[in-house]
Amino acid sequence: KNQVEQSPQSLIILEGKNCTLQCNYTVSPFSNLRWYKQDTGRGPVSLTIMTFSENTKSNGRYTATLDADTKQSSLHITASQLSDSASYICVVILQTGANNLFFGTGTRLTVIP
Amino acid sequence: NAGVTQTPKFRILKIGQSMTLQCAQDMNHNYMYWYRQDPGMGLKLIYYSVGAGITDKGEVPNGYNVSRSTTEDFPLRLELAAPSQTSVYFCASSRRAVDEPQHFGDGTRLSIL
């Protein structure tokens, strides 16, 4: 069982609409949680980083939330654009160091005109 | 600022051949990583390095080797390529291990036939 689960696996929305992507994790001891955007054929690019004490972090139209008690995070995209079409990857990092990053399998978002 | 540069972008190998995937970063980051990304799976850590001269195994190191003779370069060596090594390989770097984002290259797409 994957220790970082993302849902949905894929999502299609109309341009201009909002959407929310989910990330549930089981790993601990938790240090921080990151959301990455991965365009087709490119490497992941960091969107947000949240530590244990933060429950929300924004980056433009992207807003991530974190509930460390329930081990859930969400990424909300406002007023979607065609350029938001990408995979969004949730990554949980443990306190123990460089080799303890747990990657979700991603949500594939397609924004259509 | 080039960031993380990976070469080649694409490669086809025959079973049993060897090759080196190149990775260079110009951000003076101490930490560097190699991941593989298979369809429908999260990124898996192959090897990582916390500084020049220091490397360590990740989750899936079998069939690979690395070296870190300089801060900038972190090549990944495939010996005796096998079909199971068909994947997209990403190199990443970061200034610190836990609380700063990783910067990824755009990947090397490798097929073993």
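The values are calculated or read from the model by the stated rules, or taken from the named source; none is laboratory data. The model shown is predicted, which means the values in this text are computed figures rather than measured ones. Cβ sites come from the backbone with ideal geometry, for glycine too, and all protein chains shown count toward neighbours. Remember, those area values only see protein heavy atoms, side chains included, never the ligands or the DNA or RNA. Shrake-Rupley method; radii C 1.70, N 1.55, O 1.52, S 1.80 Å.
Filtered by the rule that a residue be in contact with a strand residue (DSSP E or B) (Cβ under 7 Å, 6 or more places away or on another chain), surrounded by fewer than 21 Cβ atoms within 10 Å (Cβ to Cβ) and part of a strand (DSSP E or B), region A:66-85 gives A:Gln72, A:Ser74, A:His76.
When only residues in region A:23-46 that are in a strand (DSSP E or B) and touching a residue at least 60 places away in the same chain (Cβ under 8 Å) count, which is farthest from A:Ile93 (Cα to Cα)?
Filtering first and then ranking leaves A:Gln38.
Quick one: would you say B:Gly58 is within 12 Å of the chain's Cα centre (by Cα), within 10 Å of chain A (Cβ to nearest Cβ) and either open to solvent by less than 40 Å² (accessible area, probe 1.4 Å) or of a type in the set (S, T, N, Q) (or both)? Yes: the conditions hold for B:Gly58. Taking the condition within 11 Å of another protein chain (Cβ to nearest Cβ) and open to solvent by 50 Å² or more (accessible area, probe 1.4 Å), does A:Glu5 pass? So A:Glu5 passes the test. Do we have any residue at all in region B:10-26 that's facing chain A (nearest Cβ under 8 Å) and open to solvent by less than 10 Å² (accessible area, probe 1.4 Å)? So far as region B:10-26 goes, no, none of its residues is facing chain A (nearest Cβ under 8 Å) and open to solvent by less than 10 Å² (accessible area, probe 1.4 Å). Pairing each residue of region A:56-80 that is of a type in the set (Asp, Glu) with any residue that is open to solvent by 60 Å² or more (accessible area, probe 1.4 Å), provided the two are 6+ apart or on different chains, yields C-beta distances under 9 Å for A:Asp67/A:Asn55. Just one residue in the set A:Ile49, A:Ile93 is within 14 Å of chain B (Cβ to nearest Cβ), in contact with a Lys or Arg (Cβ under 6 Å, 6 or more places away or on another chain) and either part of a loop (DSSP other than H, G, I, E, B) or modelled with pLDDT under 95 (or both); that residue is A:Ile49. B:Ser49 fulfils the conditions (1) out of contact with any Lys or Arg (no Cβ under 7 Å at 6 or more places or on another chain); (2) within 14 Å of chain A (Cβ to nearest Cβ) except for a single criterion, (1).
Hey, does region A:78-95 have a residue that's polar (S, T, N, Q), under 22 Å from A:Pro8 (Cβ atoms) and touching a Pro at 6+ places or on another chain (Cβ under 9 Å)? Yes, that holds for at least one residue.
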